[in-house]
Amino acid sequence: MDLKYNILKHLNVKLNVDGGKPSYIHGEPTQAVATFVFGGDIPKDAVARNPVSTSYELLSDEDLEEIFNL
């Protein structure tokens, strides 16, 4: 005899996709905002920094639309 539970009979099935709700998207950055402000004057005591090499690339909305044909 197979004793599996019928998930569609669960009390909270109405709260998930099987009950008609939209699927949950985990980790979606809904409030990701970055602002860069550069002034025209460089202070006399400013310290020069060596550039840091990274393995990531920052893409704009236009770049993503072009890549994914949106």
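Each helix, a run of at least 4 DSSP H residues, gives -39500 (n - 2.57); summed and divided by the residues of the chain, these come to -3000 deg cm²/dmol at 222 nm. Working value for the chain: equivalent-ellipsoid semi-axes of 51, 16, 15 Å, each the square root of 5 times a Cα gyration tensor eigenvalue, largest first. Extension gain, L8 to L59, is 14.2 nm, computed as 0.36 nm per intervening residue step minus the present C-alpha separation.
Where a number appears in this text, it was derived from the coordinates with a stated rule and is not lab data. Being a predicted model, the structure only gives us computed values, none of them experimental.
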